[in-house]
1. So which residues in the range 135-160 are surrounded by fewer than 19 Cβ atoms within 10 Å (Cβ to Cβ) and either within 13 Å of residue 193 (Cβ to Cβ) or out of contact with any Leu (no Cβ under 8 Å at 6 or more places or on another chain) (or both)?
2. Out of the range 14-27, which residues are closer than 14 Å to residue 118 by Cα and touching a residue at least 60 places away in the same chain (Cβ under 8 Å)?
3. Determine which member of the set 128, 90 is among the charged types (D, E, K, R), touching a Leu at 6+ places or on another chain (Cβ under 9 Å) and surrounded by fewer than 19 Cβ atoms within 10 Å (Cβ to Cβ).
4. Out of all the residues in the range 27-51, which are touching a strand residue (DSSP E or B) at 6+ places or on another chain (Cβ under 8 Å) and assigned to a strand (DSSP E or B)?
5. Just to be sure I understand the filter: pairs with C-beta atoms under 7 Å, separated by 6 or more residues or on different chains, first member in the range 31-53 and outside the structural domain of residue 155 (by TED's automatic domain parsing), second member in a strand (DSSP E or B) and hydroxyl-bearing (Ser, Thr, Tyr). Which pairs pass?
6. Could you please find all residues in the range 225-244 being touching a residue at least 24 places away in the same chain (Cβ under 8 Å) and within 27 Å of residue 186 (Cα to Cα)?
7. Of the conditions (1) surrounded by fewer than 14 Cβ atoms within 10 Å (Cβ to Cβ); (2) part of a helix (DSSP H, G or I), residue 246 fails just one. Which one is it?
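The values are calculated or read from the model by the stated rules, or taken from the named source; none is laboratory data. The structure presented is a predicted model; accordingly, all values stated were derived computationally and were not measured. Cβ placement follows ideal geometry from the backbone for every residue including glycine, while neighbour counts extend to all protein chains displayed.
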Amino acid sequence: MAKYIQANTDGRLHDASEPAVSPLNRGFLYGDAVYEVWRTYDGTLFAFGEHLERLRRSAAALHMTVPFDESVLLTEIRRATSAFFEQAKEKKDLYIRLQLSRGAGAIGLDTGLADKPSYTILVQHLKEPSPEALKKGITLALAKSLHRNHPQTLNPAWKTGNYLNNILCLREARSKGADDVVMTNLDGAVTEAATMNLFFVNGKEILTPPASAGILEGITRRILLDEFAKNWDYELREEAVLPSQLGDFSECFVSSTTRDITPVASIDKITYKVGSKTVGAKVKSIFLKHVKEYCDRNPELRIF
């Protein structure tokens, strides 16, 4: 039996398996939507404002109206969370997804055909990386059949409902037996994984592809860049990375909201160090320290 997922569609609470969105919804028809994902740490909604601000940027890029403010959104997330726990019973950390579409209307690409914005909040238990993945690292494969969207086409910095680029690149990597993918841009430079940012370690340097390469600028990635600007032992900076350089690094790790920091064991045939003594493990400890401080500073974001 599938795990229970709670939905809140425009304020209506329901089982996510029940129909709720019109077949004329533009998010369904065209991917004309934006979204964000939050997670909780020990019941506290992490980086709430940062994710909401990125949602607003994505919506503005699509000339889309966000039909709620911060307080309304937080109220609706709390309502969905309470309803979820009535069904799921077990109180452990959550994955919370908000999707905002331009709405429904007559069939056609013209955005003027949309009636009004529509949102859905989805709540389920967080699926964290397995202990094995954290201990041994995940495997990645370089996508060769497709490249990442160019920022002057559909900008990867916009977190939209159109994920075919990522889906097809991930499919290629999975067909090779890898856990995830490394995508490159049209210039051949490394960008990101399907839903994660990439980091590479060379001595005291940690490199991550710049925004200009064509990436979604992750919230966790931004936190790490800010934290490592505080005179840590390692220098973290944005710098272009080519596939030909992948063998020059001793470690690789990925970051995302749901995975925080996860080690990478290999990219194709190139292997990297993993384990408790690595730079990646140190980065994870720095990040989790930031998480604890954030949660302590923001008790109002505790949702269970």
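1. Across the range 135-160, the qualifying residues are 135, 136, 139, 144, 151, 152, 153, 154, 155.
2. Of the residues in the range 14-27, the ones closer than 14 Å to residue 118 by Cα are 20-27.
Answer for the range 14-27, where residues must be closer than 14 Å to residue 118 by Cα and touching a residue at least 60 places away in the same chain (Cβ under 8 Å): 20, 21, 22, 24, 25, 26, 27.
3. Numbers: 90 fails: touching a Leu at 6+ places or on another chain (Cβ under 9 Å).
The match here is 128.
4. Once the filter is applied, which keeps residues that are touching a strand residue (DSSP E or B) at 6+ places or on another chain (Cβ under 8 Å) and assigned to a strand (DSSP E or B), the range 27-51 yields 33, 34, 35, 36, 37, 38, 39, 40, 44, 45.
5. Partner pairs satisfying both residue conditions: 31/160; 32/101; 33/101; 33/160; 34/160; 37/95; 39/95; 46/40.
6. If we filter the range 225-244 for residues that are touching a residue at least 24 places away in the same chain (Cβ under 8 Å), which is where we start, we get 227-228, 232-243.
Result: 236, 237, 238, 239, 240, 241, 242, 243.
7. If we test residue 246 against (1) surrounded by fewer than 14 Cβ atoms within 10 Å (Cβ to Cβ); (2) part of a helix (DSSP H, G or I), just (1) comes out false.
The rows are residues; the columns are (1) among the aromatic types (Phe, Trp, Tyr); (2) over 15 Å from residue 16 (Cα atoms).
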| site | (1), (2) |
| --- | --- |
| 66 | no, yes |
| 72 | no, yes |
| 75 | no, yes |
| 96 | no, no |
| 103 | no, yes |
| 119 | yes, no |
